[in-house]
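*Asks:* For reference, the structure I am asking about is given below.
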Amino acid sequence: MSEDLIKKIRELKKKREAIILAHNYQLPEVQEIADITGDSLELSRAAARTEAKVIVFCGVHFMAETAKVLSSAKTVLLPDEQAGCPMADMITREQLLEFKSAHPGIPVVAYVNTSAEVKAESDICCTSANAVRVVESLESREILFVPDKSLAAYVASKTSKTIIPYCGYCPTHHRILASDVLRAKREHPEALVIAHPECTMDVISLADAVESTSGMLRFVAASQAKEFIICTERGLLYRLKKENPNKVFYNPSPVNVCPNMKKINLEKILWSLEDMQPAIELPEDVITRARCAIERMIAL
Ligand code: 13P
Ligand code: SF4
């Protein structure tokens, strides 16, 4: 059955001149059919430079919007339009405008986990891979950082600038508790702890390295260590195990699943290529203004 589906997706992908991009948290079968699998930064770069006519984005809504902003002439498909990001939904354009008017004249760094409308009101975007560098690149001593208070706290610990955080957070990463990590460390004393900066500072303070999802893949590949406790959404373990068959990975939490990242499957990818729906549509002025913030980040 799935062989049949895979064959049909490949045929239709060719006919539509499409490329399939998948985030590192996607289901294994979705990662396998993708042309490129990566973190938010790698996928934005891939979306900006691809020559394909159609981008099938296997991730969540803000990621597909970012692809549309960077490649507005292309059709960008999100195979399940219900795949949103609860953290991105924690700040609307109106809430950002209020936040800005409470802190006039201070530049806004928007994590890519925001809607295109929020990006359009921001000065520059960042991802978990480059947040510290983006903040350091700005002249201002004070920075408004939206929406992730955990990433903001991590960045604040790495810079002398004053970071004024918004109050959003990732429910999936916040489910990973320091007590989970301490237990995993007791059970596997040789293992290194790698944490995503969306985790709480309690978890980050226990980590040997803090990395984006693709940063974790690079860290593990380069490390002499053989065992790792991975503090992020558990979907990353698939690629970690596949690319490092001689290393051992421990998932510290029983509940670190992002349900939105699991909404896309092979059937939905096929249907989206058949119907060319659900396609991301954005107003022209939002595209133009959001593109400035994203391109400033990519230029760094
Ligand atoms: P990265 O893959 O950029 O580290 O992002 C993690 C994430 O939570 C995306 O929603
Ligand atoms: Fe959003 Fe967190 Fe899911 Fe990433 S893992 S899509 S930040 S809810």
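*Asks:* Residue by residue through region 58-76, note down the ones that are within 16 Å of ligand 1 (Cβ to nearest atom) and either hydrophobic (A, V, I, L, M, F, W, C) or assigned to a loop (DSSP other than H, G, I, E, B) (or both).
*Replies:* Answer for region 58-76, where residues must be within 16 Å of ligand 1 (Cβ to nearest atom) and either hydrophobic (A, V, I, L, M, F, W, C) or assigned to a loop (DSSP other than H, G, I, E, B) (or both): C58, G59, V60, F62, M63, A64, A67, L70.
*Asks:* Does E227 satisfy the criteria of being open to solvent by less than 60 Å² (accessible area, probe 1.4 Å), of a type in the set (D, E) and without any contact (Cβ under 8 Å) to a residue 60 or more places away in the chain?
*Replies:* Answer is yes for this residue.
*Asks:* For region 149-175: of the residues being outside any helix (DSSP H, G or I) and touching a His at 6+ places or on another chain (Cβ under 9 Å), which is nearest to ligand 1 (Cβ to nearest atom)?
*Replies:* Only one residue tops the list, namely C170.
*Asks:* For region 29-58, enumerate the residues that are in contact with a Phe, Trp or Tyr (Cβ under 9 Å, 6 or more places away or on another chain), closer than 23 Å to K15 by Cβ and crowded, with 24+ Cβ neighbours inside 10 Å.
*Replies:* A47
*Asks:* Same structure again: Out of V181, V193, I need the residue that is in contact (Cβ under 8 Å) with a residue 60 or more places away in the chain, over 24 Å from A88 (Cα atoms), of a type outside the set (K, R) and away from ligand 2 (no atom under 16 Å from the Cβ). Which one?
*Replies:* Going through V181, V193 in turn, just one is in contact (Cβ under 8 Å) with a residue 60 or more places away in the chain, over 24 Å from A88 (Cα atoms), of a type outside the set (K, R) and away from ligand 2 (no atom under 16 Å from the Cβ): V181.
*Asks:* Just one of L240, L282 is under 23 Å from A83 (Cβ atoms) and not in a loop (DSSP other than H, G, I, E, B); which is it? Break it down stepwise before answering.
*Replies:* On the way: L282 fails: not in a loop (DSSP other than H, G, I, E, B).
Only one candidate passes the filter, namely L240.
*Asks:* Given the structure, is S272 without any contact (Cβ under 8 Å) to a residue 60 or more places away in the chain, of a type in the set (G, A, S) and out of contact with any helix residue (DSSP H, G or I) (no Cβ under 8 Å at 6 or more places or on another chain)? Full working, then the answer.
*Replies:* Values: without any contact (Cβ under 8 Å) to a residue 60 or more places away in the chain: no; of a type in the set (G, A, S): yes; out of contact with any helix residue (DSSP H, G or I) (no Cβ under 8 Å at 6 or more places or on another chain): yes.
Against the criterion (without any contact (Cβ under 8 Å) to a residue 60 or more places away in the chain, of a type in the set (G, A, S) and out of contact with any helix residue (DSSP H, G or I) (no Cβ under 8 Å at 6 or more places or on another chain)), S272 does not qualify.
*Asks:* Restricting to region 59-73, what's the tally of residues that are over 17 Å from the mean Cα position of the chain (by Cα) and either open to solvent by 50 Å² or more (accessible area, probe 1.4 Å) or modelled with pLDDT of 95 or more (or both)? Steps first, answer last, please.
*Replies:* Of all residues in region 59-73, those over 17 Å from the mean Cα position of the chain (by Cα) come to 71-73.
This time we only want the ones that are either open to solvent by 50 Å² or more (accessible area, probe 1.4 Å) or modelled with pLDDT of 95 or more (or both), so: 73.
Total meeting the criteria: 1.
*Asks:* Just to check your reading of the model, which residue among V220, V255 is open to solvent by 50 Å² or more (accessible area, probe 1.4 Å) and not hydroxyl-bearing (S, T, Y)? Steps first, answer last, please.
*Replies:* Numbers: V220 fails: open to solvent by 50 Å² or more (accessible area, probe 1.4 Å).
The match here is V255.
*Asks:* Could I ask something else about it? Conditions first: (1) touching a helix residue (DSSP H, G or I) at 6+ places or on another chain (Cβ under 6 Å); (2) of a type in the set (A, V, I, L, M); (3) surrounded by 22 or more Cβ atoms within 10 Å (Cβ to Cβ). A129 passes all but one, so which condition is the exception?
*Replies:* Unmet for A129, out of (1) touching a helix residue (DSSP H, G or I) at 6+ places or on another chain (Cβ under 6 Å); (2) of a type in the set (A, V, I, L, M); (3) surrounded by 22 or more Cβ atoms within 10 Å (Cβ to Cβ): (3).
*Asks:* Of these, E233, E198, which one is within 12 Å of ligand 1 (Cβ to nearest atom), open to solvent by 10 Å² or more (accessible area, probe 1.4 Å), touching a residue at least 24 places away in the same chain (Cβ under 8 Å) and not in a strand (DSSP E or B)?
*Replies:* Result of the check over E233, E198: E198.
*Asks:* Still on this model: Give the number of residues within region 100-134 that are without any contact (Cβ under 8 Å) to a residue 60 or more places away in the chain and either of a type in the set (D, E) or part of a loop (DSSP other than H, G, I, E, B) (or both). Write out each step before concluding.
*Replies:* Kept after step one, since they are without any contact (Cβ under 8 Å) to a residue 60 or more places away in the chain, are these residues of region 100-134: 100-102, 104-109, 111, 114-115, 118, 132.
With the extra rule that they be either of a type in the set (D, E) or part of a loop (DSSP other than H, G, I, E, B) (or both), the set shrinks to 104-107, 114-115.
Of the residues in that region, 6 qualify.
*Asks:* Then there's this: Please specify each residue of region 77-122 satisfying the condition of being charged (D, E, K, R) and either within 16 Å of ligand 1 (Cβ to nearest atom) or within 19 Å of the chain's Cα centre (by Cα) (or both).
*Replies:* Of all residues in region 77-122, those charged (D, E, K, R) come to 80-81, 89, 93-94, 98, 100, 117, 119, 121.
Once the filter is applied, which keeps residues that are charged (D, E, K, R) and either within 16 Å of ligand 1 (Cβ to nearest atom) or within 19 Å of the chain's Cα centre (by Cα) (or both), region 77-122 yields D80, E81, D89, E117, K119.
*Asks:* Still on this structure: Against the conditions (1) modelled with pLDDT under 95; (2) open to solvent by 10 Å² or more (accessible area, probe 1.4 Å); (3) within 11 Å of ligand 1 (Cβ to nearest atom), where does Y25 fall short? Just the number, please.
*Replies:* Looking at each condition in turn, Y25 falls short on (1).
The values are calculated or read from the model by the stated rules, or taken from the named source; none is laboratory data. As the structure is a computational prediction, the values presented were derived from the model and not from experiment. Neighbour counts run over all protein chains shown; Cβ positions are idealised from the backbone, glycine included. Only protein heavy atoms, including side chains, enter the accessible area calculation; ligands, DNA and RNA are left aside. Shrake-Rupley method; radii C 1.70, N 1.55, O 1.52, S 1.80 Å.
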